[in-house]
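The values are calculated or read from the model by the stated rules, or taken from the named source; none is laboratory data. None of these values were measured; they are calculated from a predicted model. Quick reminder, even Gly has a Cβ in these numbers, built from the backbone with ideal geometry, and neighbours come from all protein chains shown. For the accessible areas, the whole protein counts, side chains as well, though only heavy atoms, and no ligand, DNA or RNA atoms are used. Shrake-Rupley method; radii C 1.70, N 1.55, O 1.52, S 1.80 Å.
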Amino acid sequence: MFGAYQAGVWQVVAPRFQPDVFIGASIGGLNAWAMAGGCPPDQWAEEWRTMKMGAPPGLRRPRSLLGGCIETEVFERTIQSVHARFTPRVPCAIAVTDLLRLKPWLVVTPDVTWRHLAASCAVFGIMPQYRIDGRLQTDGGILSSVPLWAAAELGVTHAVTVNILPHGGPWWLRMLKKCLPRVPEPPLRGQLRIEHAGPLGRARDAVVWTPENAARLVELGRADAEVALPALQRLLETF
């Protein structure tokens, strides 16, 4: 659900500039796909508010460690629908994580399938895990919430990043990441990081959709993006 924050940010910044490439990890990958595909910013924010992109999946008893505890069919229908509706007009790159090797992996259009989008969103233990090209894939944001490594790999020099886990997220996630390999964040010539000053909500707010929760997150994104507009203008002037 914190992806709704990114949709709010995009509503504000989209009229000011058009990126040469969209890069997304985890739920940011799904947002990046719609944005790169030319979905009008207001429409995409409205889809988060109304969940028109697909029904929120319910919970189920896990069938296996890799099967997750959400309704797989509902989750996959939503991902498939978003993937089918939009065709990126500029390159779109999706970050996933090789679960067994704990290494990041990047896939770029036209090679991005709905399974790559699903794998990038696949929080271990909650979502189903996906085997793609012989690799067991998991959440693209687990090693790096903001995949600057991917930006550098694609030759990006200036970036606007939207972080839905300010300060690294909740304490338990920060502790978990200390046990995982660190992915270096290469310096860019220019970067604007947009994020909320504090947590976007409780754990329940991250996984339960309600109209009120979605609208709150979209508005938080809009408000933080408005504050960042002067910095965005300065970044654009450095090109």
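Checking each residue in region 67-120 for being among the polar types (S, T, N, Q), open to solvent by 10 Å² or more (accessible area, probe 1.4 Å) and touching a residue at least 40 places away in the same chain (Cβ under 8 Å) picks out Thr72, Thr87, Thr109.
Checked against the criterion of being open to solvent by less than 40 Å² (accessible area, probe 1.4 Å), within 12 Å of the chain's Cα centre (by Cα) and β-branched (Val, Ile, Thr), the candidates Thr138, Thr161 yield just one match: Thr161.
If you go through region 90-104 and pick out every residue that is closer than 26 Å to Cys39 by Cβ and either in a loop (DSSP other than H, G, I, E, B) or among the acidic types (Asp, Glu) (or both), you end up with 2.
Residues Met1, Met51: which one is of a type in the set (A, V, I, L, M, F, W, C) and surrounded by fewer than 21 Cβ atoms within 10 Å (Cβ to Cβ)?
Working: Met1 fails: surrounded by fewer than 21 Cβ atoms within 10 Å (Cβ to Cβ).
On inspection, the qualifying residue turns out to be Met51.
Determine whether Pro62 is in a strand (DSSP E or B) and open to solvent by 30 Å² or more (accessible area, probe 1.4 Å). For Pro62, the condition - in a strand (DSSP E or B) and open to solvent by 30 Å² or more (accessible area, probe 1.4 Å) - is not met.
Taking Leu188, is it on the phi < 0 side of the Ramachandran plot and open to solvent by less than 40 Å² (accessible area, probe 1.4 Å)? Answer is yes for this residue.
Take the conditions within 30 Å of Glu71 (Cβ to Cβ) and not β-branched (Val, Ile, Thr) and apply them to Pro147. Does it pass?
On the way: within 30 Å of Glu71 (Cβ to Cβ): yes; not β-branched (Val, Ile, Thr): yes.
So Pro147 fits the description; yes.
Take the conditions open to solvent by less than 30 Å² (accessible area, probe 1.4 Å) and not aliphatic (A, V, I, L, M) and apply them to Gly155. Does it pass? Talk me through it step by step, then tell me what you get.
Numbers: open to solvent by less than 30 Å² (accessible area, probe 1.4 Å): no; not aliphatic (A, V, I, L, M): yes.
So Gly155 fails the test.
Answer yes if at least one residue in region 12-24 is surrounded by fewer than 18 Cβ atoms within 10 Å (Cβ to Cβ), closer than 23 Å to Val162 by Cβ and among the charged types (D, E, K, R), and no otherwise. For region 12-24, residues surrounded by fewer than 18 Cβ atoms within 10 Å (Cβ to Cβ), closer than 23 Å to Val162 by Cβ and among the charged types (D, E, K, R): present.
Per-residue answers, yes or no, for (1) in a loop (DSSP other than H, G, I, E, B); (2) polar (S, T, N, Q); (3) within 18 Å of the chain's Cα centre (by Cα); (4) modelled with pLDDT of 95 or more:
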| residue | (1), (2), (3), (4) |
| --- | --- |
| Asp20 | yes, no, yes, yes |
| Gly54 | yes, no, yes, no |
| Pro88 | yes, no, yes, yes |
| Leu106 | no, no, yes, yes |
| Pro110 | yes, no, no, yes |
